[in-house]
Amino acid sequence: MKLLAPTPGWTATADVIVVGSGIAGLTTALQCRTYGLSVLLVTKARVDEGSTKWAQGGIAAALGDGDSPEAHEKDTLVAGAGLCDVDAVRVLVTEGPEAVRKLIERGAIFDKEDSGEIALTREGGHLRNRILHAGGDATGAEVSRALLAAVHDDPEIEVVEHALVLDALKNDIGEVCGVTLHVIGAGSRDGVGRGLARAVVLATGGLGQVFAQTTNPSVSTGDGVALALRAGAKVADVEFIQFHPTVLWLGDNSEGQQPLISEAVRGEGAYLVDDKGVRFMQDIHPLAELAPRDVVAISIMRVMNKTGAHHVWLDVRHLEGFKERFPTIYASCISHGINPLKELIPVAPASHYASGGVRVDLNGRTSVNGLYACGETACSGVHGANRLASNSLLEGLVFSARIAADIAEKLPEKSEPVVNASQAILLDPQVRHDIQVSMSRGAGVLRSSDSLLKTSSDLTRIEDRKSTQPCVEAWETTNLFQLAQTIVKAALIRQETRGSHWREDFPQTSDLWKKRIVQQVDQAGYWTSGYQEVGK
């Protein structure tokens, strides 16, 4: 399959094309440069507008006294609810500390204690303080700043901004040798063109915009996963969408990116209460407000459903130094008319993170030669059914380094793409709202056969609303549609509750489902689903 698009009118070349400018894409580009490879870094908006800069909590790594990779591994496996690949988790936690040190060498400045040691805090699911943070609650912004400075200092990294990646290009033996992309701008790199390279790395971030409310920025339309699907690559674990429990509630009609209230706030002692001011998490989980995110999000939804309320409340009024520790969150609350030092904060779950994605091995290789994926775009197996808090930035650091090393070792000769004669698809951009509303209603935090079948039926009707006018909005909408199809198909197949996938009609976790659901699409648009044992 491919997106309906004009014939490319220009060509750019490099050894490696990296798509995305978050922590995964920037680190991959910088690591590729350490091997002397030229890089074309393609980013959808401005280079500093990816999801990374919105990350508030921090980076998890076993750097503190009394902590160890083994302890970090154990917490990750517990959160992953039986679907983590142990080998992938071990790579994450053992190579994580060195990856963080490398990030510090590249200029990232983390908060410190009065003693001069790096300050470590705790988040849900972690049994030790191992979260590094910067600027209190602005970790992502600091990481992005440091990496971007390093990228801008390297003349062998060409950055192409305002570029939406469309489809993979393949050579005559089916290996990926480039991408088509659309650049919004003026000059020689305007409109649809092609980038040719010896390897392509997808680091396009999340797909949160497939839902009506999300913490993800507007650019997070899952373009990399959709591209990989159309290229015939395997995707896995897409049913495991993590909904962040505490997102600032802005009203029933609010859509798009919503302000995040970091889990670190609960790590510092904030309480969740219902409309009567009663804490409810203490009776649900031993860790109370610091239970894994899926537990907290589901508990909040149940309280809301039981009481008819549209949100619950987060109480931070008893926390000393809240304004100084969380300046970004404080400012966000104030800007929406809430003084968190004196008032309760209204919060509700919203789409936050995709634990699944393009299935990759320990070196980031997809099932299609020449195509790699990293960060939230990828399914490396480290997150299983539910990502442990602050493991996402660490995953981007660790696996980007492995990808660069693998590319340097196995870099093929440059090759020319052949014409893609497969079926073209393009939907009317007006259906984007319909997709998002249907997905939030039927495939959100709480799911059932009835709700999922209703969403599937909605998507079938939406598919008929085609467009013949290629544009950014139509391409993004088509990507969201294909991702919605993938999520709903997997969610219907998995007849159990596990991690962040909650089936009201199958409330128990079953050992029969201790396996991944893997999906592929062929050139004619025919979908296949299969299974993969955990750890493979």
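One table, with the values for the structure above:
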{"read-out": "Qualifying position, being buried (at least 16 other Cβ atoms within 10 Å of the Cβ) and either outside the structural domain of residue 322 (by TED's automatic domain parsing) or not hydroxyl-bearing (Ser, Thr, Tyr) (or both), among 109, 157", "value": "157"}
{"read-out": "Residues located in the stretch 135-166, provided they are closer than 15 Å to residue 223 by Cβ and in contact with a helix residue (DSSP H, G or I) (Cβ under 6 Å, 6 or more places away or on another chain)", "value": "164, 165"}
{"read-out": "Top-ranked residue of the stretch 478-536 - restricted to ones that are of a type in the set (Gly, Ala, Ser) and part of a helix (DSSP H, G or I), ranked as nearest to residue 464 (Cα to Cα)", "value": "484"}
{"read-out": "Residue within the stretch 26-36 that is on the phi > 0 side of the Ramachandran plot and modelled with pLDDT of 95 or more present", "value": "yes"}
{"read-out": "Pairs, first under 15 Å from residue 358 (Cα atoms) and in the same structural domain as residue 440 (by TED's automatic domain parsing) in the stretch 207-230, second at pLDDT below 90 and outside any helix (DSSP H, G or I), C-beta under 9 Å, six or more apart", "value": "none"}
{"read-out": "Unique match (being outside any helix (DSSP H, G or I) and in contact with a Cys (Cβ under 6 Å, 6 or more places away or on another chain)) among 422, 415", "value": "415"}
{"read-out": "Residue match in the stretch 131-138 (condition: crowded, with 18+ Cβ neighbours inside 10 Å, β-branched (Val, Ile, Thr), under 21 Å from residue 49 (Cα atoms) and not assigned by TED's automatic domain parsing to the domain that holds residue 253)", "value": "no"}
{"read-out": "Exclusive hit being crowded, with 16+ Cβ neighbours inside 10 Å, hydroxyl-bearing (Ser, Thr, Tyr) and on the phi < 0 side of the Ramachandran plot, set 455, 460, 468", "value": "455"}
{"read-out": "All positions within the stretch 441-452 that are assigned to a helix (DSSP H, G or I) and surrounded by 20 or more Cβ atoms within 10 Å (Cβ to Cβ)", "value": "442, 451, 452"}
{"read-out": "Contacts under 7 angstrom Cβ, first residue in the stretch 318-336 being closer than 14 Å to residue 261 by Cβ, partner aliphatic (A, V, I, L, M) and assigned to a helix (DSSP H, G or I), 6 or more apart", "value": "326/265; 329/265"}
{"read-out": "Unmet requirement for residue 380, which otherwise passes all of (1) surrounded by 24 or more Cβ atoms within 10 Å (Cβ to Cβ); (2) within 30 Å of residue 280 (Cβ to Cβ)", "value": "(2)"}
{"read-out": "Helices (runs of 4 or more DSSP H) enclosed by the stretch 282-351 - at least 1 residues per element that are aromatic (Phe, Trp, Tyr), modelled with pLDDT of 90 or more and surrounded by 14 or more Cβ atoms within 10 Å (Cβ to Cβ)", "value": "322-325, 327-335"}
{"read-out": "Residue, modelled with the lowest pLDDT, within the stretch 235-269, restricted to residues that are in a loop (DSSP other than H, G, I, E, B) and within 17 Å of residue 315 (Cβ to Cβ)", "value": "262"}
{"read-out": "Search result, residues across the stretch 356-376 that are surrounded by fewer than 24 Cβ atoms within 10 Å (Cβ to Cβ) and either without any contact (Cβ under 8 Å) to a residue 40 or more places away in the chain or assigned to a loop (DSSP other than H, G, I, E, B) (or both)", "value": "361, 362, 363, 367, 368, 369"}
{"read-out": "Where a residue in the stretch 269-290 is more than 17 Å from residue 247 (Cβ to Cβ) and its partner, wherever it lies, is surrounded by fewer than 17 Cβ atoms within 10 Å (Cβ to Cβ) and small (Gly, Ala, Ser), with Cβ under 7 Å and at least six apart", "value": "275/309"}
{"read-out": "Lone unmet requirement of (1) surrounded by fewer than 17 Cβ atoms within 10 Å (Cβ to Cβ); (2) in contact with a Leu (Cβ under 7 Å, 6 or more places away or on another chain); (3) not basic (Lys, Arg) for residue 531", "value": "(2)"}
{"read-out": "Set 334, 329: member being out of contact with any helix residue (DSSP H, G or I) (no Cβ under 9 Å at 6 or more places or on another chain), more than 30 Å from residue 498 (Cα to Cα) and among the β-branched types (Val, Ile, Thr)", "value": "334"}
{"read-out": "Residues of the stretch 377-408 classified as within 27 Å of residue 15 (Cβ to Cβ), touching a strand residue (DSSP E or B) at 6+ places or on another chain (Cβ under 6 Å) and in a helix (DSSP H, G or I), total", "value": "5"}
{"read-out": "Qualifying residue in the stretch 181-200 (condition: part of a strand (DSSP E or B), in contact with a Phe, Trp or Tyr (Cβ under 9 Å, 6 or more places away or on another chain), surrounded by fewer than 24 Cβ atoms within 10 Å (Cβ to Cβ) and free of Cβ contacts under 8 Å to residues at least 60 places away in the same chain)", "value": "yes"}
{"read-out": "Which listed residue, of 495, 469, is of a type in the set (S, T, N, Q), free of Cβ contacts under 8 Å to residues at least 60 places away in the same chain and within 30 Å of residue 190 (Cα to Cα)", "value": "469"}
{"read-out": "Members of the stretch 270-290 found to be farther than 16 Å from residue 318 by Cβ, over 28 Å from the mean Cα position of the chain (by Cα) and among the hydrophobic types (A, V, I, L, M, F, W, C), listed by number", "value": "280"}
{"read-out": "Where a residue in the stretch 115-131 is on the phi > 0 side of the Ramachandran plot and its partner, wherever it lies, is assigned to a loop (DSSP other than H, G, I, E, B), with Cβ under 8 Å and at least six apart", "value": "125/287; 125/291; 125/292; 125/388; 125/389"}
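The values are calculated or read from the model by the stated rules, or taken from the named source; none is laboratory data. Here the structure is a predicted model, which means the values were calculated and not measured. Here the Cβ is made from the backbone with ideal geometry for all residues, glycine too, and neighbour counts use every protein chain on show.
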